[in-house]
């Protein structure tokens, strides 16, 4: 579940550019109904008949490969990942600038990110 509720008209807005959650009176009710219905569904492990419990050694091997991390839920008050995309793009810009030898510009870009 995203930190910021989202509701899009995928027919008229397939790129999901216009979040209708605040403007649609029925969005909150639809969200509650969907959450309730999904709560009753079996998870993917149950459907596939896969055992959820893994041995400690298996967990360590998966963690070493980057598939398992310590925390899965976002703590309350964290920023929506989509809202952080401009920062991500600016960090990538800084990397490209540095690769091209434009170090002063790269440093300026990182300083800009640190102010955000």
Between 77, 101, which is loosely packed, with under 10 Cβ neighbours inside 10 Å, on the phi > 0 side of the Ramachandran plot, at pLDDT 75 or above and out of contact with any strand residue (DSSP E or B) (no Cβ under 9 Å at 6 or more places or on another chain)?
101
Given the criteria more than 17 Å from the chain's Cα centre (by Cα) and at pLDDT 80 or above, does residue 17 qualify?
no
Scan region 25-46 residue by residue and report those that are within 17 Å of residue 5 (Cα to Cα) and assigned to a loop (DSSP other than H, G, I, E, B).
25, 26
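The values are calculated or read from the model by the stated rules, or taken from the named source; none is laboratory data. Bear in mind that the values here come from a model prediction, so they are computed numbers and not experimental data. All Cβ positions, glycine included, derive from the backbone under ideal geometry; neighbour counts span all protein chains shown.
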